[in-house]
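Notes follow the structure.
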Amino acid sequence: MPISQTLFSLSFTAHKSDLGSDGSSALINHSSMLIHRLQELLQNGNSSDATLKIRTTNSDEVKVIHAHQLLLTLQSDVFEGLLSNQSVVNLQEPADCAVLFEKFIRYFYCGEISVHLSQAVPLHRLASKYHVSALQKGVAEYMKTHLASESTQGHVVGWYHYAMRIRDESLQESCLQFLAWNLSTVISSSEWVTISDDLMVSLLQRSDLVLHNELELFSAVEEWVSKNNPDVPVIEKVLRSIRFPMISPSQLFHILKQSTVLTSYNNAVQDLLFQAFQFHSASPLHFAKYFDVNCSMFIPRNYLSSSWGSQWIINNPARDDRSFSFQTQLGPSNHDFNKKITWNALFSPRWLPVSMRPVYSESVSGTSQSNRLDDGKPRLVVTSAMSGLDFAGVTFQKTVLVGVRRQQGKVFVKHVYSIHQSTEEVSDFLVHADLQKRTSEYLIDNSLHFHIIIKPIYHSLIKAK
């Protein structure tokens, strides 16, 4: 069948203007049949007027695809240029791209493509090289939404490095945020030792890292240094990014005795270690008179240890209000180790401000009351149960982690909410979540998985000398 007959229109629309006032309109849609016919063209090579010869880098293998200039040039100006004065085009691709090239060309014929984790980078590379912008954006979006997907070797670190090479800042930031919010999981994976020098430095500078405690981070950094053997300036910069004051004195003594990395590079961090011991030996208020405590070294990260917060799993969260109490350490200083603060948390699935609450009277029907309540939004409030105590020199930053997916028994963090120090309520908490749906991405087995973290922030009452 000639191609001119294959590419005929299979849609028919009858309009009122054509059929008179008594006429009706209908859409007959045979687009799926058209796409099937187009795929047959590629599969059988019927009426092809372009030949693509794909050679694999460092191999004699050649893949031949018989295609059609019209479909190739509609979406790619690169193919338009290559086919402007020739019908046979020789292309050379790396092995991971060459094996997907026929799949890539099929996209030109049907407008859809299946993507697996291991195929994302080579498909994005092909779409970028041949200027197929819609596919390029589609694969990038796939990568952003599949950061938490299960893979045997891990993939987020590799995607971050790829995003850096192609200067895709949006994808790069999405990967970096995921790695920061799920660092404990990354540390225990094979991906950890593949992290580049620049990525390691970027991660260690962040205060939103989610991990058990600072000692876990130090041990992981020590492993990374031992496996990768980076340059001395990189090692020193990485070690100086460890927040030693967040490690207890007993643990500091232990790593000083046991750590081969600290033995080799003790001079690079000796001043920080000495300052950490000073921090633990004096009261925070006294220490703040002589040292600047408003720097990152004295700011806790998002520690999952029970000293800094608590997990809270709410079953059937759309059902009713819940409350929960937990205790945290007053501060990271050893001087405050035995001082505990009790916190109360209140969760409401459908909270309404007083001005919007229904008035229960005979004139208001039960149906309208119910509808009004459904307009409420989820609310989370965290307050201290010990408000009468004097917390001079310290304020508390509250952070709420929301786990959204379970992979191999692990909950990944996708949403992080911070409570401003001047308030007690999480702003815009789960504002887009539909807690009524069991399939909601915010729910795991019909339950909400929170982790509330209290971060004590010291500040100087008297200017440091």
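The values are calculated or read from the model by the stated rules, or taken from the named source; none is laboratory data. Model, not experiment: these values are computed from the prediction. Please note that ligands, DNA and RNA were not included when accessible areas were found on the heavy atoms of the full protein model with its side chains. Shrake-Rupley method; radii C 1.70, N 1.55, O 1.52, S 1.80 Å.
Overall dimensions of the range 15-158, expressed as equivalent-ellipsoid semi-axes from the Cα gyration tensor (√(5λ), whole Å, largest first), are 33, 24, 13. A Stokes-Einstein calculation at 10 °C with viscosity 1.306 mPa s, built on the Kirkwood radius of the range 208-276 over Cα pairs, returns a diffusion coefficient of 129 µm²/s.
The share of alpha-carbon pairs in the chain lying farther apart than 31 Å comes to 60%. Report, to the nearest whole %, how much of the accessible area of the chain belongs to carbon and sulfur atoms, 1.4 Å probe, protein only. Carbon with sulfur: 50 percent of the solvent-accessible area.
Calculated [222 nm] ellipticity per residue, helices only, for the chain: -10500 deg cm²/dmol; basis is -39500 (n - 2.57) per DSSP H run with n ≥ 4, divided by all residues, nearest 500.
Could you provide, to the nearest whole Å², the per residue accessible area of the chain with probe 1.4 Å?
Working: 24100 Å² over 465 residues.
Per-residue value: 52 Å².
As a length-normalised measure over Cα pairs under 8 Å and 6 or more apart, the relative contact order of the range 179-276 settles at 28 percent. Remark: the range 98-232 projects, on average over all directions, an area of 9.0 nm² (convex hull of Cα atoms).
In the range 46-118, the alpha-carbon atoms span a convex hull of 99 Å³ per residue.
Quick one: which of K237/K414; K103/K137; K137/K437 span more than 20 angstrom between C-alpha atoms? Kindly include the intermediate steps, with their values, before the conclusion.
Values: K237/K414 29 Å; K103/K137 17 Å; K137/K437 29 Å.
Cα-Cα > 20 Å for K237/K414; K137/K437; rest within.
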